[in-house]
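Comments concern the structure below.
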Amino acid sequence: MFKSRRFQYNIPLFIMFAPIIAYFLIFKFAPMGGLVIAFKNYNFTDGIWGSSWVGLDHFRTLFTNPNMLNILRNTLVLSFLQLVLGFPFPILLALMINEIRRSWFKKTVQTAVFFPHFLNWVIVGGIVITIFAQETGIINNIMRWLTGDSYPFLYNTGSWLAIFIGSGIWKSAGWGAIIYLAALAGVDQSLYEAAGLDGANRLRQIWHISLPSIRPVIFIILILSIGSIMEVGFDQVYMLQNSAVSQIADVISTWNYRVGITGGRFSLAAALGFFESIIGLILVLTANSIARRFNNGLW
């Protein structure tokens, strides 16, 4: 009787949640059936179920490809740099915004740092090229005026990596800070008042109150980020890459687009995507098992 009443009481919540369930079932779980083409010689004529079964042949083809090791290395390097260098920025940004006391200034800063998230990578790529292009870029125009020489920022591996990481941080840090700002909004303000009375300055209050309060959220975001370490955003890489930096800029997503979609080798692309998902699952399970030792696991 109690469970029946509880169910009836929560019916409005179930109705509100229904579109989310439908979204995941239709767009996340149902397409998983298409993974079977990774084990078939798929073609449009025979369709998914009519295509011939080839087992693990596509996986053997992938891992005997001499370029595959370089592609996997590029994917891991770019993802690792994004994680290590980019992960702290939303936290620091949220902490700084949280310290702003004037409401109008705080809203202005929030709007300014959130805005890049809503720009498409085509636009961001155009901005980057406008700034760093060797012939027409703003920075190189200034350098030529000062020194008489220009620098190939977009064609040198080191500077390209810095631009790639920096543009990603600029675009995503503000949006990522929203989660941490929401967590900081739930911190009991009396803790700051008590710490202030005890003589703690703002930095000590951040270190001993703000950061410990959002630590569970930090662990959750970190686990999810580690789970997607094999995924490098296609849009960003595709817009910023060029032939001069292909040795570092060719990753799984661009290879899948070039060989799988443009080249029509859908089964090969599905096999690589399946491998990528398996590695992501292993990383999530590993990261969660480590986080559980600190009582901050997802489950």
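Values in this text are rule-based calculations from the coordinates and carry no lab data. Worth saying up front: this structure is predicted, and the values here are computed from it rather than measured. So basically every Cβ, Gly included, is an ideal-geometry build from the backbone, and we count neighbours across all protein chains shown.
Of Val232, Val84, the sequence from fewest to most neighbouring Cβ atoms within 10 angstrom is Val84, Val232.
The GNM of the chain, with springs linking C-alpha atoms under 10 angstrom apart, assigns the highest mean-square fluctuation among Ser289, Ser243, Ser228 to Ser243.
Across the stretch 1-129, the volume of the C-alpha convex hull divided among the residues equals 297 Å³ per residue. For the chain, a Gaussian network of Cα nodes joined below 10 Å ranks His58, His208, His117 by mean-square fluctuation, and the top entry is His208.
Taking K and R as +1 and D and E as -1, what net charge do the other residues with C-beta under 15 Å from the C-beta of Tyr257 add up to? Before the final figure, lay out each step's value.
Numbers: positive: Arg258, Arg265; negative: Glu231, Asp235, Asp250, Glu276.
My count for the surroundings of Tyr257 gives -2.
Counting other Cβ atoms within 10 Å as a rough exposure proxy, the listed residues Asp57, Asp46, Asp198 run Asp198, Asp46, Asp57 from fewest neighbours to most.
Neighbours of Gln110 by Cβ distance under 15 Å: Lys/Arg scored +1, Asp/Glu scored -1, total +3.
Longest segment of the chain with no trypsin sites (Lys or Arg not before Pro) in a DSSP loop having at most 10 other Cβ atoms within 10 Å?
Working: sites that count: Arg101, Arg102, Arg293.
Longest gap between qualifying sites, sites excluded: 103-292.
Of Asn70, Ile229, Leu93, which is farthest towards the positive pole of the chain's charge dipole, taken about the Cα centre with +1 and -1 on the beta-carbons of Lys, Arg and Asp, Glu respectively? Selected residue: Leu93.
Largest GNM mean-square fluctuation across Leu181, Leu85, Leu119, computed for the chain with C-alpha springs under 10 Å, falls on Leu119. Values of log10 I(q)/I(0) for the chain across q = 0.07, 0.10, 0.12, 0.16 Å⁻¹ run -0.41, -0.79, -1.06, -1.37, by the Debye formula with one identical scatterer at each alpha carbon and no solvent.
3J(HN,Hα) couplings calculated from phi for the stretch 102-107 with the Karplus curve 6.51 cos²θ - 1.76 cosθ + 1.60 (θ = phi - 60°) are, in sequence order, 7, 4, 5, 5, 4, 5 Hz; Gly and Pro show x.
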